[in-house]
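Report on one structure; see the data block that follows.
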Amino acid sequence: MKISEIATDYLVVGVLEEYEDYYDYSHSEFTIINTTKHWREIQRKRIKALSHFENDDSFNFIDYLDKAIGFFSFSPEHYPQIKTLLEEKTAFFLDAEVGEIAMLISAPYSLERVGLQICKDGTAIANAYEKTCSKEFSTVRFPLKELLK
């Protein structure tokens, strides 16, 4: 598993965890988005559709449910370098095998409404809600349009 300078099937994005009235990145986890060729094409079409609203000040983003997004916990045993890499970059492509991704630890929450919020400026935020207490998990805003080039 290593960072890739070109688009791969796995995009890692850091998560902001909500604590009362502020977000604290230091206690965060991360998402991996399975960015297959088909997924990337769908996102390009969505960004193009949003371009019609770029001069509309009352419109900011649109939400999509997205099963390609997984939330994970940092682990000292399984690829601890992900935490270090996220301190350097907020989002990066990962060159990894399916088996390596399977070894990662899923976030210990029962998540629902996992989705992608695509903003009219081409950035995005992945988010989800914990089922029992409605705690929200959101990634840092990442440059989706740039990453899809």
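Among the residues of region 97-145, write down those that are assigned to a loop (DSSP other than H, G, I, E, B), among the hydrophobic types (A, V, I, L, M, F, W, C) and farther than 25 Å from residue 1 by Cα. The one that is assigned to a loop (DSSP other than H, G, I, E, B), among the hydrophobic types (A, V, I, L, M, F, W, C) and farther than 25 Å from residue 1 by Cα: 133. If the condition is being part of a strand (DSSP E or B) and either free of Cβ contacts under 8 Å to residues at least 40 places away in the same chain or touching a Ser or Thr at 6+ places or on another chain (Cβ under 6 Å) (or both), then region 26-65 contributes 31, 34.
For the condition buried (at least 17 other Cβ atoms within 10 Å of the Cβ) and touching a residue at least 40 places away in the same chain (Cβ under 8 Å), residue 68 does not qualify. May I ask you to list pairs of residues, at least six apart or on different chains, whose Cβ atoms are under 9 Å apart, with the first in region 122-136 being farther than 20 Å from residue 33 by Cβ and the second being part of a strand (DSSP E or B) and modelled with pLDDT of 80 or more? Correct list of pairs: 131/111; 131/112; 135/129.
Keeping to region 132-149, report how many residues are modelled with pLDDT of 85 or more and more than 15 Å from residue 45 (Cα to Cα). Qualifying residue count for the region: 6. Filtered by the rule that a residue be surrounded by 15 or more Cβ atoms within 10 Å (Cβ to Cβ) and part of a loop (DSSP other than H, G, I, E, B), region 79-96 gives 79, 90, 96. Among the residues of region 63-81, is there at least one that is in contact with a Lys or Arg (Cβ under 8 Å, 6 or more places away or on another chain) and either of a type in the set (Gly, Ala, Ser) or on the phi > 0 side of the Ramachandran plot (or both)? No, region 63-81 contains no residue that is in contact with a Lys or Arg (Cβ under 8 Å, 6 or more places away or on another chain) and either of a type in the set (Gly, Ala, Ser) or on the phi > 0 side of the Ramachandran plot (or both). The condition (being on the phi < 0 side of the Ramachandran plot and at pLDDT 90 or above) is satisfied by just one residue among 122, 115, 99: 115.
Residues in region 84-95 that are out of contact with any Gly (no Cβ under 9 Å at 6 or more places or on another chain) and at pLDDT below 90: 84, 85, 88.
Give all pairs with beta carbons closer than 7 Å in which a residue from region 1-16 that is closer than 16 Å to residue 84 by Cβ meets a residue that is surrounded by 20 or more Cβ atoms within 10 Å (Cβ to Cβ) and acidic (Asp, Glu); count only pairs at least 6 apart in sequence or on separate chains. Cβ pairs passing all conditions: 15/29.
The values are calculated or read from the model by the stated rules, or taken from the named source; none is laboratory data. Here the structure is a predicted model, which is why all the values come from computation and not from measurement. FYI the Cβ positions are ideal-geometry reconstructions off the backbone, even for glycines, and counts take in every protein chain you see.
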